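Visitor: Have a look at this one before I ask anything.
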Amino acid sequence: MPSEFDNYAAAGYGKLLQDPVRGRFGEPRFFFERKLELLRALYEQYAKPTQSARWLDVGCGEGTLLEMGKRYFHEVAGCDVSAGMIGRCEGLNIRQQVSSRQIPFADQSFDLVTAICVYHHVELADRPFLTGDIARVLQPKGLFCIIEHNPYNPITRLIVHRSPIDTHAQLLTAAMAGNLARHARMEVLAARYFLYFPEFLYSKMAAVEKTFSRIPLGGQYAVLCENS
């Protein structure tokens, strides 16, 4: 995976993500904004204001979400297996992972850890080890949030099938994500589905989408877990 994403970085990661179906749904920034909005809402619902939280984004890529979200958190950091991807991060605390199983930070360093559209790139055998190491770097009662593509959404499956970045992707359901967390001795607190409506409708339909958040049809989902 490191060399694969190094190649994507060299080829222009943003360009490789372009898809006419995805483009009709929203601009790239819209997808980041929705994730950040949901992440902050979940953290503040189950923990405390994000301004006091230390946040680690595993598989941070080029650091776009961290850059957008850093003003809302006390401290942000990231890690990724790809030197090519993190080479594009500037002004952020980013470290390279030596493998997809290990997180290059000390025990109990963070209040919040996220893995956003990462697990579908991780080999099945590596996923439990990665989740266990995420638990290691979390504070007791710290929160872990997995955000992933929803395999029950047909449009999501179409976009993933067409994307060169997702050639080797193995999508996982919210239930599978929750089981990984439970095996790492975390408690699943919530599962939320989102990205029901395209960008041009979302501003008018945000309240409606919130009522749909437990119905497993949104384009992506978030599973929030608490460390033991």
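The values are calculated or read from the model by the stated rules, or taken from the named source; none is laboratory data. Here the structure is a predicted model, which is why all the values come from computation and not from measurement. Cβ placement follows ideal geometry from the backbone for every residue including glycine, while neighbour counts extend to all protein chains displayed. Remember, those area values only see protein heavy atoms, side chains included, never the ligands or the DNA or RNA. Shrake-Rupley method; radii C 1.70, N 1.55, O 1.52, S 1.80 Å.
Visitor: Looking at the calculated P(r) for segment 106-179, what percent of the C-alpha pair distances fall above 20 Å?
Guide: Within segment 106-179, distances greater than 20 Å cover 36 percent of Cα pairs.
Visitor: Given only helices, namely DSSP H runs of n ≥ 4 each adding -39500 (n - 2.57), what is the per-residue ellipticity at 222 nm of the chain, to the nearest 500 deg cm²/dmol? Intermediate values should be presented prior to the final figure.
Guide: Working: 10 runs with 93 residues, N = 228.
Using -39500 (n - 2.57) per qualifying helix, the result is -11500 deg cm²/dmol.
Visitor: For the pair Glu44 and His183, how long in nm is the line joining their label points, each one 7 Å along Cα→Cβ?
Guide: 3.5 nm
Visitor: How large a share of the accessible area of segment 161-228, in percent, is made up of carbon and sulfur atoms when the probe is 1.4 Å and the other protein chains stay in place?
Guide: 58 percent
Visitor: With a 1.4 Å probe and all protein chains left in place, how much accessible area per residue does the chain have, in Å²?
Guide: It amounts to 48 Å² per residue over the chain.
Visitor: Quantify, in whole percent, the carbon and sulfur part of the accessible surface of segment 51-134 (1.4 Å probe; protein heavy atoms only).
Guide: Answer for segment 51-134 is 45 percent, counting heavy atoms of protein chains only.
Visitor: Grab the Cα-Cα distance for Leu217 and Arg29, subtract it from 0.36 nm times how many residues apart they are, and report the gain in nm with one decimal.
Guide: Details: separation 188, 0.36 × 188 = 67.68 nm, distance 2.18 nm.
My answer for the length gained is 65.5 nm.
Visitor: Ratio of alpha-carbon Rg to the 2.2 N^0.38 Å globular estimate for the chain, to two decimals, please.
Guide: Normalised Cα radius of gyration, the chain: 0.94.
Visitor: So for the chain: antiparallel DSSP bridges make up what percent, rounded to the nearest 5?
Guide: In the chain, DSSP labels about 45 percent of beta bridges as antiparallel.
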